[in-house]
1. Could you say which residue among Leu8, Leu98, Leu83 is modelled with pLDDT under 95, more than 24 Å from Phe135 (Cβ to Cβ) and of a type outside the set (Val, Ile, Thr)?
2. When you check Ser133 against the structure, is it among the small types (Gly, Ala, Ser), in contact with a helix residue (DSSP H, G or I) (Cβ under 7 Å, 6 or more places away or on another chain) and closer than 26 Å to Leu74 by Cα, yes or no?
3. Mind telling me which of the residues Phe126, Phe88 ends up being of a type in the set (Phe, Trp, Tyr), surrounded by fewer than 19 Cβ atoms within 10 Å (Cβ to Cβ) and within 25 Å of the chain's Cα centre (by Cα)?
4. Taking the criterion of being over 21 Å from Phe238 (Cα atoms), assigned to a loop (DSSP other than H, G, I, E, B) and either over 13 Å from the mean Cα position of the chain (by Cα) or of a type outside the set (Ser, Thr, Tyr) (or both), would at least one residue in segment 161-170 satisfy it?
5. Are any residues in segment 131-152 farther than 12 Å from Thr47 by Cα and surrounded by fewer than 17 Cβ atoms within 10 Å (Cβ to Cβ), and if so, which ones?
6. Give me a count of the residues in segment 171-197 that are part of a helix (DSSP H, G or I), surrounded by 21 or more Cβ atoms within 10 Å (Cβ to Cβ) and over 13 Å from the mean Cα position of the chain (by Cα).
7. Given the conditions (1) under 16 Å from Val50 (Cβ atoms); (2) surrounded by 18 or more Cβ atoms within 10 Å (Cβ to Cβ), report the number of the one that Ile71 does not fulfil.
8. Can you find a residue that is crowded, with 17+ Cβ neighbours inside 10 Å, over 25 Å from the mean Cα position of the chain (by Cα) and touching a residue at least 40 places away in the same chain (Cβ under 8 Å) anywhere in segment 61-68?
Amino acid sequence: MAACKRALEIPEIVRIICGEEVALVRLATTSKIFTEPALDLIWSDQTSLVPLIKCTPETLWETRGQGAGSIIHLRRPIISADLPRLLFYSARVRNLTLRDSSNYIFGTVHPDFLRALDMSMPVQCFPKLSEFSWFPKKKDVFSIMRHFLGHRIRKIDLQLDDRAMLSIIPFAKGSCPLVSNFSFSAPAERVSLALVTTVSDAVCGWQNLTCLAVPDLDKIAFMHVAELPLLTDLSLTFVEATSRHLQSVGLPFWTYFPRPPIPVRLLQNSPLLYECHSGRFLPPAHQSDNPHNGGLDNIGVAGAAHHHARLFGPGRT
């Protein structure tokens, strides 16, 4: 028994035992030894704020509607006594993904409730959060996003379709210095020089990027990306040959990658869709003979670390 007790005092062993999902809740409620690691696993990945909100007193919220159409409404002002339990669990969340698909399970949170949470929660209420994804609607209170963007964040995936929402990008740049994976998308009609400039400025603030997917980059950001030692995947999802920001570069963007170039194969049926593979030099017989490629088969990206770069033309995802 003594040996068993000593083994159960090792966090790694307890986490392995708690890895069985069926046993998690039972373990969390029946044994003090398992409570903390079991709760950590239960709350580690969240796809909605609703479970956290429902940890607050029932006098604070009410659900109107059913199923996917249900909405969580605020019943009264939030007071300090309402938050400890929410913060107890939010501190365990490591991956937060907020998308419409989650509404079918949990429903949605009314914007007034989001606004109240934004004003009442501490700035760092998700201290262990390392991955954050959010595709907000226009009615969502996007300023609450600042509570999710802390210094431990490594991965950010955003889809913003409102110009005002772009204001959160500079905040992310300053609050999340260790970002290694950044994805940003917007509807085609929203992609503009201002958007590209805002996103490019944030990209220039990150030195540890390994994966980057954005609509486009300006000249300075291209030069920054070319020098990143860890970058392995670069996707530009909305590049137009006639766009003003590309014209401002002056030269083809690949000329800003100073190290030995990697041959590029132009994929079929799209003059704006390129794929680069580090170290895979295509023999002449396999190079594209697409008449629209303009001789772009020898486009290069920087350094051997850049294993994969894609450029998608408008309308491609």
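The values are calculated or read from the model by the stated rules, or taken from the named source; none is laboratory data. Everything quoted here is computed from the prediction, not taken from an experiment. With ideal geometry, Cβ positions are generated from the backbone for all residues, glycine too; neighbour counts draw on all protein chains shown.
1. Numbers: Leu98 fails: more than 24 Å from Phe135 (Cβ to Cβ); Leu83 fails: modelled with pLDDT under 95.
From the options Leu8, Leu98, Leu83, the qualifying one is Leu8.
2. Details: among the small types (Gly, Ala, Ser): yes; in contact with a helix residue (DSSP H, G or I) (Cβ under 7 Å, 6 or more places away or on another chain): no; closer than 26 Å to Leu74 by Cα: yes.
Here the answer is no, as Ser133 does not meet what is asked.
3. Just a single option satisfies the conditions, and that option is Phe88.
4. No.
5. First, the residues of segment 131-152 that are farther than 12 Å from Thr47 by Cα: 136-152.
If the condition is that a residue be farther than 12 Å from Thr47 by Cα and surrounded by fewer than 17 Cβ atoms within 10 Å (Cβ to Cβ), then Lys137, Lys138, Lys139, Ser143, Arg146, His151, Arg152 are the ones that fit.
6. Adding up the residues that qualify gives 2.
7. Tallying (1) under 16 Å from Val50 (Cβ atoms); (2) surrounded by 18 or more Cβ atoms within 10 Å (Cβ to Cβ), Ile71 fails exactly one: (2).
8. First, the residues of segment 61-68 that are crowded, with 17+ Cβ neighbours inside 10 Å: 61.
This time we only want the ones that are over 25 Å from the mean Cα position of the chain (by Cα), so: 61.
After this cut, where a residue has to be touching a residue at least 40 places away in the same chain (Cβ under 8 Å) as well, the list is 61.
For segment 61-68, residues crowded, with 17+ Cβ neighbours inside 10 Å, over 25 Å from the mean Cα position of the chain (by Cα) and touching a residue at least 40 places away in the same chain (Cβ under 8 Å): present.
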